[in-house]
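Worksheet: the structure to be examined is printed underneath.
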Amino acid sequence: MQDTGMTRRIFIATFISFIFFMAYDYFIIQPQTIQSTQTQSTKQTNTQSDNTNINTQNSIKSTKIITTIKSENFEIHIDSLGRISQYILEKNIFNDDKGKKLQILGDKTPKPLEIRFKDTNLNKEAFTTEVSADKDKVILDGSPKTITLTQKLKTLTITKKLTFYPDGHYDINVNLTKPSQYFLSVGYEPQANVNMYAFHGALIVNPDGSLEMIDDGDGETKTFNNAKIAATVDQYYTTFLYDLKQGMRVYETIDNLQNQNPILFIEGSQNLNLHGYIGPKYVKVLDGINQELTKVVEYGIMTFLAKPMFGILSFIYDFTKNWGVAIILFVVLVRLILFPLTYRGMVSMYKLKLMAPKMKELKEKYGKDPRKFQMKTMELYKKEGANPLGGCLPMLIQIPIFFSIYRVLVNAIELKGASFLWISDLSAMDPYFILPILMGVTMYAHQAITPNNFTDPMQEKIFKFLPVIFTFFMITFAAGLILYWTMNNILSFVQQFIINKSMEAKGLLIKNDKPKEAKK
């Protein structure tokens, strides 16, 4: 069996797999095609019958601000309907393109903590009656502060008692003077950072701890009983309500029939005690509140691998205090762990190349008898100590590893404003395109010293063109991700150089990768 560039084909397969995962990320977050009129009508009927007055009443988009909650990291506005109308990040690293403080909530409704009643008349009255607050400004100077919001309707009075903490989470107690079914809004998903490769939509943590993700465009009418967490998210920010002990009855609806984005509400009847959070999805902040809240930071199908990877990356950062250095050291760690397996795989691959003449003889002698040919082939593998899959395994293992670290770096708000050398923000693209170009150059250098035995000229041309494809494909990606890939290429080059020297010493490789001719 002659080697025809197995490692190269596996490398190409890795590239194709990467493209597949990227395409998967892109298409699963795209809104579904608008359904037929008949299907839409059916869905609207279900929504009205199951969740009456949740999504049929259009709430008011903007009202006057009655209370402001300020801390060193954020500012929260409470409007005259008792809702969180805006959340503003104070640190300059979050500033928008115009240099203004970032506001994570868009114009879309419902707003967080908005109440909608099942009773139509009561609901209309609630949207036209102003809420009063016992304080017009609160400063969070290291300790939690409480405000009380009151709304007096004709038949009942609504009281919201809110206790805000410096880390962004809060306690909420809703009390009605008499029972009446209502729905408390989690809030429309933040609109601060829209990335087609990141998840946008709603998250539900079920009673058993499992996670249910609802992508934008996939919203429907549905009820979740005893849910622990109900959240809406964009790439870096979130707003959610939670009750980790008793759970909540959560209603999912859609914003409209065209977008079908998920909207979440919590059911209440008189007294309702919950906890909430609004702000950036910092893993350490969420973990400091409660470890279970870190489930809001999702990494897709590779979460089981990506979460421990982020844990290791964060651990390294705690020592280096620089995310760029942490990424580099993480790559070194991964390459060191994989090196023994990679080395054995390369030895096996070179042995297969030297076996090519013997395999040709077996093919000529037993080619007409497949069973005997297979048996003799396996005997030869055993005798020479070669594994036909040995050269492929290290490359295949790197596919889930790379995709997992890709998901980590795409979703890590920790990289926001993190500097490294000439790069001021590792969560954004390299403004000078130095890293993408370096990535392409190092990929080509690694190719140049990796032995090959192409028999198909077209396959060789495609393979040599891959560095150019990668460079243009990833030129706008986050600098942190490009840094990982570039460092991986550099270490692969060093590793391949060491392996080549070792193979030469063992007599398995000579210059220009011309296997020694078997003695006749």
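The values are calculated or read from the model by the stated rules, or taken from the named source; none is laboratory data. Quick caveat: nothing in here was measured; it's all calculated off a predicted structure. Here Cβ is always computed from backbone atoms with ideal geometry, including for glycine, and neighbour counts include all displayed protein chains. What goes into the accessible areas is simple: the full protein's heavy atoms, side chains included, and nothing from ligands, DNA or RNA. Shrake-Rupley method; radii C 1.70, N 1.55, O 1.52, S 1.80 Å.
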**Prompt:** LYS178: accessible area at probe 1.4 Å, nearest 10 Å²?
**Reply:** 90
**Request:** Enumerate the amide H contacts of ILE66 below 5 Å, restricted to partners 5 or more residues apart or on another chain; note that Pro and chain-start residues carry no placed amide H.
**Result:** ILE78, ASP79, SER80
**Message:** Per residue of segment 364-374, what does 6.51 cos²θ - 1.76 cosθ + 1.60 with θ = phi - 60° give for ³J(HN,Hα)? Whole Hz please, x for Gly and Pro, Karplus curve as stated.
**Reply:** 5, 7, 10, x, 7, 10, x, 5, 5, 4, 5
**Eligible aspartates and glutamates near LYS152 by straight Cα distance, threshold 15 Å, same-chain separation 8 or greater** = GLU125, GLU130, ASP134
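Heavy atoms only, probe 1.4 angstrom, no DNA, RNA or ligands counted: give me TYR170, TYR432, TYR282, TYR366 ranked by accessible area, highest first.
TYR432, TYR282, TYR366, TYR170
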**Asked** Counting only residues 5 or more places away or on other chains, whose amide H sits under 5 Å from the amide H of ILE254 once H atoms are built in the peptide plane?
**Response** ILE263
**Request:** Express in Å², to the nearest 10, the accessible area of MET375 obtained by rolling a 1.4 Å probe over the protein heavy atoms while all chains stay in place.
**Result:** 90
**Fill in**
Output for segment 286-368: trypsin sites (Lys or Arg not before Pro) sitting in coil per DSSP, at most 16 other Cβ within 10 Å, listed by number, reads LYS321, LYS368
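Write down the Å³ per residue value for the convex hull defined by the alpha carbon atoms of segment 246-389.
So the per-residue hull volume is 283 Å³.
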**Message:** Could you derive backbone 3J(HN,Hα) for segment 424-434 from the dihedral phi with the Karplus parameters 6.51, -1.76 and 1.60 (θ = phi - 60°), listing whole Hz in sequence and x where the residue is Gly or Pro?
**Reply:** 8, 8, 6, 8, 10, 5, 5, x, 9, 6, 5
**Request:** Express the accessible area of segment 211-312 per residue in Å², computed with a 1.4 Å probe while the remaining protein chains stay in the model.
**Result:** 35
